[in-house]
């Protein structure tokens, strides 16, 4: 029985088949051995702009176009999977295969695997990202920010974004310098996201938050049984986890001196040895570092290796402090919108007086301080963290507090306000502050709250 005879039959099975094919979202067409269309589903008809009766009985090249290979496939001239086919302005990715009965070709069927190339690209990106994320479990190592997250306007910020874009294009070490809260980590994410390694992992480690006796194992990994308490199968270090991507070393100025020599060797040779290991491991990792400390002065004082400083400082980036920026009003308005959207809260506007107080503030905590203040403003409706009264300014002039103490005091106030707003729920308080729950716990311990 030829394909057209079977499809044209009035059997219940054939009718059910035609009904099912009309419900398939992708375009489908079937031809007999002469290339004549014997079946076409509704999605394909809609694409072609007609009904099934308009196309059944006509040669497939007259309907679809001369670029199709379906009539050739129906004559036994191979098959085509992933074949691009442009139909009525739509670029389809098709599968064109023969239909066999008792070992004999009785026709061919064409199916659109993807309705257009954009769908194929999106699927490929999702599949690639899923493959990258699988070894990392529920929290993949990836960059979360890009250039669009760097909010600001004016010559200073335009020049800053340009420098990030230039640095991202060169696969060399980067040293990001800037004050606390100015956005050094955001810069690191952006450099990775706009580099040729953007599809690879973005792995980070804070050199100041890990005990000096453990940081070597965290960076280079260790072999099984390398030390007491080590996993029997060993553990990959951050260098290997970041292979093909970027390793972000935050607070590099706090890295122990002995470990700096090991880091320098990796930069020079692209090789490392795991703790307790004997065999070098080749790594393909870009290093991006950040510090709020004067590394050049530390190097002169012998507290940071000069050779490592010069090696890391090939591409330096200086993050501008907030007090030097002329776009505080613009930044505040943009952040208010983003914070309100993140908290699913109603947006609020700052009064002229409130905006003036922001512009006149010295911002020791930079953008992070501004974001915390605005978060609290969205939650409470009060801008109450700035010392704007004459009495407060006079007291501050007479007895200025150390910067660290002022920052700690500010942080404690922000945490207290978030806890009050969340009714003591620490998870919700962390969300209000825009930080992780673990970060909140760490801040609370530091504040001895």
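The values are calculated or read from the model by the stated rules, or taken from the named source; none is laboratory data. A quick note: this is a predicted structure, and the numbers were derived from the prediction, not measured. Virtual Cβ from ideal backbone geometry, glycine too; neighbours counted across all protein chains shown.
Annotations for the structure displayed:
- Counting only residues that are part of a helix (DSSP H, G or I) and touching a helix residue (DSSP H, G or I) at 6+ places or on another chain (Cβ under 9 Å), segment 316-332 holds 7 of them.
- Scanning segment 286-315 for residues that are assigned to a loop (DSSP other than H, G, I, E, B), crowded, with 16+ Cβ neighbours inside 10 Å and touching a residue at least 60 places away in the same chain (Cβ under 8 Å) turns up 292, 313.
- Residue 255 in contact (Cβ under 8 Å) with a residue 24 or more places away in the chain, over 25 Å from residue 178 (Cα atoms) and crowded, with 19+ Cβ neighbours inside 10 Å: no
- For residue 56, the stated conditions hold: it is touching a strand residue (DSSP E or B) at 6+ places or on another chain (Cβ under 7 Å), modelled with pLDDT of 90 or more and assigned by TED's automatic domain parsing to the domain that holds residue 30.
- Residue in segment 13-23 that is at pLDDT below 75, part of a loop (DSSP other than H, G, I, E, B) and on the phi < 0 side of the Ramachandran plot present: yes
- A Cβ distance below 7 Å, combined with a sequence gap of six or more or placement on separate chains, defines the contacts here; from segment 207-231, residues that are assigned by TED's automatic domain parsing to the domain that holds residue 442 reach no residue that is in a loop (DSSP other than H, G, I, E, B) and modelled with pLDDT under 70.
- Qualifying residue in segment 265-276 (condition: surrounded by fewer than 17 Cβ atoms within 10 Å (Cβ to Cβ), farther than 16 Å from residue 173 by Cβ, more than 25 Å from the chain's Cα centre (by Cα) and at pLDDT below 90): yes
- Verdict on residue 401 being loosely packed, with under 13 Cβ neighbours inside 10 Å, at pLDDT below 70 and not in a helix (DSSP H, G or I): yes
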